[in-house]
1. Keeping to segment 92-141, report how many residues are of a type outside the set (Gly, Ala, Ser), open to solvent by less than 60 Å² (accessible area, probe 1.4 Å) and outside any loop (DSSP other than H, G, I, E, B).
2. Could you count how many residues in segment 408-418 are exposed (fewer than 15 other Cβ atoms within 10 Å of the Cβ) and over 11 Å from Leu312 (Cβ atoms)?
3. Could you please let me know if Ser391 is of a type in the set (S, T, N, Q) and under 19 Å from Leu348 (Cβ atoms)?
4. Looking at segment 529-547, which of the residues that are part of a loop (DSSP other than H, G, I, E, B), surrounded by 12 or more Cβ atoms within 10 Å (Cβ to Cβ) and within 44 Å of the chain's Cα centre (by Cα) is modelled with the highest pLDDT?
5. Across segment 154-192, what is the total count of residues that are of a type in the set (A, V, I, L, M, F, W, C) and under 17 Å from Val128 (Cβ atoms)?
6. Of all residues in segment 388-443, count the ones that are in a helix (DSSP H, G or I) and hydrophobic (A, V, I, L, M, F, W, C).
7. Between residues in segment 213-225 that are touching a residue at least 40 places away in the same chain (Cβ under 8 Å) and residues that are part of a loop (DSSP other than H, G, I, E, B) and open to solvent by less than 40 Å² (accessible area, probe 1.4 Å), which pairs lie under 7 Å by C-beta distance while being six or more apart or on different chains?
8. Of the residues that sit in segment 241-283 and are of a type in the set (A, V, I, L, M) and either surrounded by 18 or more Cβ atoms within 10 Å (Cβ to Cβ) or assigned to a loop (DSSP other than H, G, I, E, B) (or both), which one is nearest to the chain's Cα centre (by Cα)?
Amino acid sequence: MALKVLTSASSTPPPHSKSHPSMASANEPLQLDSQRKATDPDVDESTLPKGWESRFDEKGRKYYLDHNTCTTTWDRPSSDGSSPATDDVPFPLPGGWEWRLDNKGRKYYLNHNTRTTTWVQPSSLDAVAKELGPLPKGWEVRVLPGNKSTYFVDHNTRTTTWQDPRTTTYQMDPLSVFRRKIQYLHRMQRQDIQPGVFQIGVRRSHIVEESFAIISKATALDLKRQLKVSFEGEAHMNVVRDWSNLLLERLFDPASGFFKKDETGSLKIDPTSNKKPQYLEYYKFIGRIHSMAIIHGLLIDPQLVQLLYPVLISTQKSDNGSDKSALMKSIAKIKNINGKRMLATYKLIDRRTGKPFLVEVKPLENGSDDEFLHLDDEEEFFEALAIHRCSGGAGLQMRALVDGFRELLRKRDIFLGYTRPEIEKLIGGISVIDIDECSKSTADDSDGDLTPYTHLDLFWKVVRSWSLERQRTLFQYVTGLKRVPATDQVKVLSAPDGEIRRVTILGNVERAVPDKLEDTPEHILYIPPFENFEAMEGSLIGAITDCSWREATLISDLEDLSIAEDEDNTKSGV
């Protein structure tokens with residue numbers, strides 16, 4: 001049933017009539033109004049304050065008359081007459097329910113769980129709770145005051161849902177929890193996508209300079225439009241993935257002067273970059289590239305996550321006020337200025353003012369520690385502290401990078417509750433086979449027969465002996481892509497015949513995570529038996545280094561490599 005929702009502000013109730021309520025009027029027959037009151041279960045005149053009554057207009061919409069002030073309103077007054085109430089549902093609705101008004105002012109109930117509507121008021125939240133029992137660990141129920149709608153907060157994943165966790169099975173294994181996190185984040189961010197297209201046309205040889213010129217001039221709204229990229233002089237259109245990979249490869253190259261690598265191979269900001277023209281604008285541009293990738297679902301090189309992670313979680317709330325106070329005093333002093341208790345430090349710059357931090361604090365009950373008077377000050381301070389500690393003497397560059405990174409994201413604390421590997425997988429997906437996790441998937445797909453296959457064990461031994469670069473080549477052979485979302489399923493299964501073949505089932509694009517596990521893309525490699533390690537390794541290397549599969553289209557369910565080779569031979573006239 002499709003209903004058009006009309007809020008109470010969209011029209012005005014009938015004017016107050018000074019005639020006695022028992023006197024009928026031409027516009028509102030007393031007999032019809034009385035019949036409606038007698039049959040409407042929501043009409044209870046005894047709960048209205050003195051001098052009030054409810055009536056129905058000619059369209060059947062209920063309104064309220066205040067004979068004390070000779071006024072009318074759509075909103076039901078509270079029992080003491082202090083202020084109109086915005087609803088007349090006396091109790092919270094069960095999880096996923098809310099009430100609305102149709103275009104005739106009639107109340108109906110919407111069930112978000114089943115996406116259905118009904119005129120019948122559902123049972124109360126308390127009645128459902130008694131039947132279902134307590135919520136699982138880490139869950140909380142919240143009620144919106146306006147229409148008594150109820151939703152649930154999963155503190156385990158920092159997500160919300162209409163579905164009652166007592167009626168829905170939520171798996172708590174790490175992959176399932178991670179899946180729910182990124183489903184929620186992706187759903188929230190996709191709401192911010194703007195209509196239209198944002199065009200990026202550059203030359204490969206000048207990709208950094210020309211991309212910088214285009215993106216730096218664009219507004220945040222422009223960057224939220226669908227991306228369309230083309231390389232000058234090339235026929236292929238909309239090569240967004242190719243563009244982002246090449247662009248970051250050039251920017252991350254130490255020769256560019258923006259980053260350098262430490263002894264572990266991790267990226268660090270090059271402090272000497274301040275000698276480059278427009279260096280702060282370039283770091284903001286790099287941050288914007290990452291922000292665009294998250295909102296548009298692009299999978300990019302996640303090397304910067306290790307550098308940014310301490311800043312992304314800097315606003316993580318701690319219940320221990322003494323710990324916060326110790327951090328504050330480690331870099332700042334408490335001073336009395338004009339009768340106020342102020343935290344002051346010249347080492348940290350307040351992003352909002354561009355000056356050293358000077359914000360008001362108040363003492364804790366223990367008398368020896370302090371806390372921020374305003375939450376915004378606390379968040380800004382600890383973010384500035386994180387930037388100071390991890391920037392390696394390049395605080396201005398780090399601030400510009402963080403500002404660009406956060407520009408398109410919905411919330412400042414969007415990554416709270418994420419581990420660093422989870423953010424890396426969110427941004428970069430996966431590019432090598434996770435041998436341990438893949439081994440579990442293989443066992444789960446063995447139709448109940450958990451007897452280990454000797455040749456599959458041999459496969460894991462071969463892959464573990466390979467270099468990271470060769471493992472990535474194998475991954476690309478299996479999936480058809482250099483990166484896939486971390487929630488995709490990569491499996492290695494026993495083949496019924498003597499061929500090594502791959503099966504790639506793509507159910508979506510980039511990071512758009514399906515709601516149901518059975519709709520998740522699968523990438524499967526079938527391995528036949530081999531006599532020994534050398535024979536298997538030789539066959540695998542031969543398969544993944546054969547150039548024909550790189551030019552083939554992604555292989556669909558149950559189609560092996562020989563089909564793609566036949567297509568290539570046909571095209572070449574062989």
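The values are calculated or read from the model by the stated rules, or taken from the named source; none is laboratory data. These figures come from a predicted structure and were not determined experimentally. Every residue, glycine among them, receives a Cβ derived from its backbone with ideal geometry; neighbour counts consider all protein chains shown. Remember, those area values only see protein heavy atoms, side chains included, never the ligands or the DNA or RNA. Shrake-Rupley method; radii C 1.70, N 1.55, O 1.52, S 1.80 Å.
1. 15
2. 2
3. Yes.
4. Pro529
5. Selection size over segment 154-192: 1.
6. The total comes to 13.
7. Taking only residues 6 or more apart or on different chains, the pairs are Ala220/Leu408; Leu223/Leu408; Lys224/Asp192; Lys224/Leu408.
8. Residue satisfying both the conditions and the ranking: Leu248.
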